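The values are calculated or read from the model by the stated rules, or taken from the named source; none is laboratory data. None of the values given here were measured: they were computed from a predicted structure. Note: ideal-geometry Cβ built from the backbone for every residue, glycine included; neighbour counts use all protein chains shown. In case anyone asks, the SASA skips ligands and DNA or RNA and just uses the protein heavy atoms, side chains included. Shrake-Rupley method; radii C 1.70, N 1.55, O 1.52, S 1.80 Å.
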Number of protein chains: 2
Amino acid sequence: MNVQSDFEGLEVGFDVPALPGMDETDIQTPCLVLDLDALERNITKMGDYAKAHGMRHRVHGKMHKSVDVAKLQEKLGGSVGVCCQKVSEAEVFARGGIKDVLVSNQVTDPIKIDRLARMPKLGARVLCCVDDPENVAALSAAAVKHGTQIEALVEIDCGAGRCGVTTTQQVVDIAKLLDAAEGLKFAGIQAYQGAMQHMDSYEDRKAKLDVAVAQVADAVTALKAQGLECDIVGGGGTGSYYFESASGVYNELQCGSYAFMDADYGRILDKDGKRIDQGEWENALFILTTVMSHAKADKAIVDAGLKAQSLDSGLPTIYGRDDVEYVKCSDEHGVVADPDGVLKVNDKLKLVPGHCDPTCNVHDWYVGVRNGKVETLWPVSARGKAY
Amino acid sequence: MNVQSDFEGLEVGFDVPALPGMDETDIQTPCLVLDLDALERNITKMGDYAKAHGMRHRVHGKMHKSVDVAKLQEKLGGSVGVCCQKVSEAEVFARGGIKDVLVSNQVTDPIKIDRLARMPKLGARVLCCVDDPENVAALSAAAVKHGTQIEALVEIDCGAGRCGVTTTQQVVDIAKLLDAAEGLKFAGIQAYQGAMQHMDSYEDRKAKLDVAVAQVADAVTALKAQGLECDIVGGGGTGSYYFESASGVYNELQCGSYAFMDADYGRILDKDGKRIDQGEWENALFILTTVMSHAKADKAIVDAGLKAQSLDSGLPTIYGRDDVEYVKCSDEHGVVADPDGVLKVNDKLKLVPGHCDPTCNVHDWYVGVRNGKVETLWPVSARGKAY
């Protein structure tokens, strides 16, 4: 959405936090603001990296939930499609024109399976993950019923401790079932090591990924011995993509947070011991917030609380400021320690959220800003698509 | 929204998690489910309590953000109106037909003040809070511009540590300014002790409220000495309403969570040392979730993660079960310890969220259930109205 007419009838401060053309200073808060220059640089940089390392990049759409951002990732980053975690989310991307959509999760509910099986009719290649032999028959029946094809990856739990099988034998058994099932196509392996992405130390992350790579390589070899080739061996996040790229066994990255960055990811260290938000990636996503009370001399109260962000990975930081600190959060209030009383009512601050994914999921809009002006407004297209 | 035709064209599993008339077992997850019987009993009970104690009840709409629930609170609980925390939220309630709406927060941004001043034209009495003498002129100018009246409460910080003045002299000074300002009406005092609501011990909560009551009584007396009567002395929550009701100085309660309950409030103890979710209030709100993977024998993976709830007040509990436990949460996954392997893929569980307010704020719909059937679907009308 970039055209002024798309916003006709929308009221600033009720329907939308801003409109294109407005000064940045007039944006209604709290809301999500994207620094478009930083965003474009992040996307281009990861795209160039993947290309240089012979990797496909299937960007993780569950982070931003935005068709517009996914299309920017295609255009500037050469991404081959998206992955996401829910069927309803996948439908948003497929309806929005993304042609290759992986639900990097299990789809087991009968209504969800039916929706997944219909999705290729929207013009997209559709994939999902499987970790249970009993799931295969249900997926197959739905694809046959709708005359479509669902491609499936066997999910390996390589350390995340969630979904996924743990032995090569299980991988081979499920892959054979998929290969034999009408309406399905065995397409490879999903192996995302989610638990290590946020470990501070590069060496600690590498040690975890080495284990995962060995596990995945063993499965790929065993599958090959059975005549089953992996079109996709997918995984990798913002804290690990260089390990998967160097593994010789993964061929698809699934990075999400690199595009926006957040405070929790920002703290992890690269191989030289430098924070990744100090050179590797730029903060492109902010929660813009306004001081609404300063009745106590050393404390400013801002309008971004729990309903403007998720605290699961800690409090937000205040971008570009070390004189004030966001110290406490309740439903609609944030307490900012202001020991020198430098803030005034109606001053604005840019918060870097603790965790970008669930923070984006509580907002309806991204306000895209460049050179002090609102350039665009993008809906968080799949916000709330949790089913 | 109760009429079948309201839902025409909405797709289950994409637009909505369910439709009226469906069996409870077919609801698409994760989503919010309301036990309508429990909800109605909670609302009736609090209404009866307020009436018996000569208190008005201005229900806190920021908890549920639902016009339908607010209207049920009027009908069954005799509530006099709503309070909420944001101007955009207040607009939703006023547009929805609630006739008395308090923004129990500061309104300082020029665009927000302008919207607030226009709101009485929607047919509602409109109030807000003030803790800053400099705010008065801006509110007054906007009310004069639009030919409306804004009523204002002086906010006292009686322990929450957020907005609000701390001395009686400040209360009197701001009240005089409000009383003198064209377009404004001084309407009383806002004094919500938010910080004590979740303290487990009844006696600890009482000690905190005693301090607040003394502070508020002092201000009311000083105002009276200046000829300024308080129409409203408002505050009180689910952990304290009996203290305000017995105070002799408060006349309006502002309870929210009692209607739905949550795990964090449920743990606090009444005067007999009994958890308040074991008799005082019933759990009426649940996050319905489905097991989507059980690849590990002792662990079920469910589909309600961080994007279906807020973890700020801890993990959810599993309603009515002590054989399984929700032990870990990531963006789209919940890990449920299942030591005896009693769960199967596609089993459903009812989670009691840690904190109801920010959990409701990530969902679009309440699915109202009675006797195993979906009876109604209510939009979370003010979801995302954070401005």
Q. The range B:180-269: percent of C-alpha pairs farther apart than 23 Å?
A. 29 percent
Q. Which distances, in nm and shortest first, link the A:Asp298 label point to the same label point in every other copy, taking 7 Å along Cα→Cβ?
A. 4.8
Q.
If I stretch the segment between B:Asp347 and B:Asp298 completely, what's the gain in nm (0.36 nm per residue apart, minus their alpha carbon distance), one decimal?
A. 16.1 nm
Q.
Quick check: with the 1.4 Å probe, what order do B:Asp322, A:Asp114 take by accessible area, largest first?
A. B:Asp322, A:Asp114
Q. For the range B:18-102, which trypsin sites (Lys or Arg not before Pro) are both in a DSSP coil and crowded by at most 15 other Cβ atoms within 10 Å?
A. B:Lys99
Q: Return the percentage of antiparallel bridges among DSSP beta bridges fully within the protein assembly as shown, rounded to the nearest 5 %.
A: 45 percent
Q: Report, as an integer, the average count of C-beta atoms from other chains found within 10 Å of each Cβ along B:353-361.
A: 3
Q. How many partner chain Cβ atoms sit within 10 Å of a residue's Cβ in peptide B:28-41, on average, as a whole number?
A. 1
Q) With a ≥ b ≥ c the root eigenvalues of the C-alpha gyration tensor of the protein assembly as shown, is it rounded (a/c under 1.5), prolate (a/b larger than b/c) or oblate? A) prolate
Q: Report the FRET efficiency, 1/(1 + (r/R0)^6), for B:Arg95 and A:Ala246, where r is their Cβ-Cβ distance and R0 is 56 Å, rounded to 0.05.
A: 0.50
(Q) Going by amide H atoms built from the backbone, whose H comes under 5 Å of the H on A:His57, apart from near neighbours? (A) A:Val80, A:Leu253
Q: Would you mind getting me the FRET efficiency between A:Lys224 and B:Asp340? Use the beta-carbon distance for r and R0 = 56 Å, nearest 0.05.
A: 0.90
Q: Determine ³J(HN,Hα), in whole Hz, for all residues of the range B:24-32 in sequence, where each value follows from phi through the Karplus function 6.51 cos²θ - 1.76 cosθ + 1.60 and θ = phi - 60°; x replaces Gly and Pro.
A: 3, 5, 9, 4, 7, 10, x, 7, 8
Q) For helix A:168-180, what angle does its Cα long axis make with the longest principal axis of chain A, in degrees from 0 to 90 and rounded to 10? A) 70 degrees
Q) In percent, what relative contact order does chain B have, based on Cα pairs under 8 Å that are 6 or more apart in sequence? A) 21 percent
Q. For the range A:69-164, what relative contact order do you get, as a whole percent, if you take Cα pairs closer than 8 Å and at least 6 residues apart?
A. 22 percent
Q | Closest approach to the B/A rotation axis among chain B Cβ atoms, residue and whole-Å value | A | B:Val362, 3
Q) Efficiency by 1/(1 + (r/R0)^6): what FRET value for A:Glu182 and A:Asp26, r their Cβ-Cβ distance, R0 = 56 Å, to the nearest 0.05? A) 0.45
Q. Can you put A:Thr148, B:Thr167 in order of accessible area, largest first, using a 1.4 Å probe?
A. B:Thr167, A:Thr148
Q: Kindly flag which residue pairs out of A:Lys65/B:Lys296; B:Lys274/B:Lys348; A:Lys86/B:Lys307; A:Lys328/A:Lys350; A:Lys62/A:Lys86 have an alpha-carbon separation exceeding 20 Å in this structure.
A: A:Lys65/B:Lys296; B:Lys274/B:Lys348
Q.
Please list, in order along the range A:270-283, the HN-Hα scalar couplings obtained from phi with the Karplus expression 6.51 cos²θ - 1.76 cosθ + 1.60 (θ = phi - 60°), rounded to whole Hz, x for Gly and Pro.
A. 7, 5, 9, x, 9, 3, 6, 8, 10, x, 5, 9, 9, 5
Q) At 4 °C and 1.567 mPa s, what whole-number value in µm²/s does Stokes-Einstein give for the translational diffusion of chain B, with Rh from the Kirkwood sum over Cα pairs? A) 59 µm²/s
Q. Residues with amide H under 5 Å of A:Val165's amide H, sequence separation 5 or more or different chain, H placed in the peptide plane at 1.01 Å from N; which?
A. A:Glu155, A:Ile156, A:Asp157
Q) Hey, what do the phi angles of the range B:34-45 turn into as Karplus ³J(HN,Hα) couplings, whole Hz, using 6.51/-1.76/1.60 and θ = phi - 60°, x for Gly and Pro? A) 10, 7, 4, 4, 5, 4, 5, 5, 4, 5, 4, 5
Q: Give, rounded to the nearest 20 debye, the magnitude of the charge dipole that the range B:1-134 has about its Cα centre when Lys and Arg contribute +1 at Cβ and Asp and Glu contribute -1 at Cβ.
A: 860 debye
Q | Mean separation of Cα contacts under 8 Å (6+ apart) over length of the range B:275-334, as relative contact order % | A | 29 percent
**Q.** Other-copy label distances relative to B:Thr44, 7 angstrom Cα-Cβ extension, nm
**A.** 6.6
Q) If B:Leu72, B:Leu36 are ordered by their accessible area, calculated over protein heavy atoms with a 1.4 Å probe, which sequence runs from highest to lowest? A) B:Leu72, B:Leu36
Q.
Stokes-Einstein diffusion coefficient for the range B:251-387 at 4 °C in a medium of 1.567 mPa s, Rh from the Kirkwood formula over Cα pairs: what value in µm²/s?
A. 81 µm²/s
(Q) On C-alpha positions alone, give me the angle between the axis of helix A:202-225 and the longest principal axis of chain A, in degrees, nearest 10. (A) 30 degrees
Q. Please state the equivalent ellipsoid semi-axes for the range B:323-387: what are the square roots of 5 times the Cα gyration tensor eigenvalues, largest first, in whole Å?
A. 27, 18, 9
Q. Residues with amide H under 5 Å of B:Gly368's amide H, sequence separation 5 or more or different chain, H placed in the peptide plane at 1.01 Å from N; which?
A. B:Leu34, B:Glu375, B:Thr376, B:Leu377, B:Trp378
Q: Using the 7 Å Cα-to-Cβ label point, sort the distances from B:Gly78 to its equivalents in the other copies shortest first and give them in nm to one decimal.
A: 7.2
Q. Taking the Cα centre of the protein assembly as shown as origin and charging only Cβ (+1 Lys, Arg; -1 Asp, Glu), how large is the dipole, in debye to the nearest 20?
A. 900 debye
Q: Using a/c under 1.5 as the rounded threshold, could you call the range B:254-324 rounded, prolate or oblate? The axes a ≥ b ≥ c are square roots of the C-alpha gyration tensor eigenvalues, and prolate needs a/b larger than b/c, oblate otherwise.
A: prolate
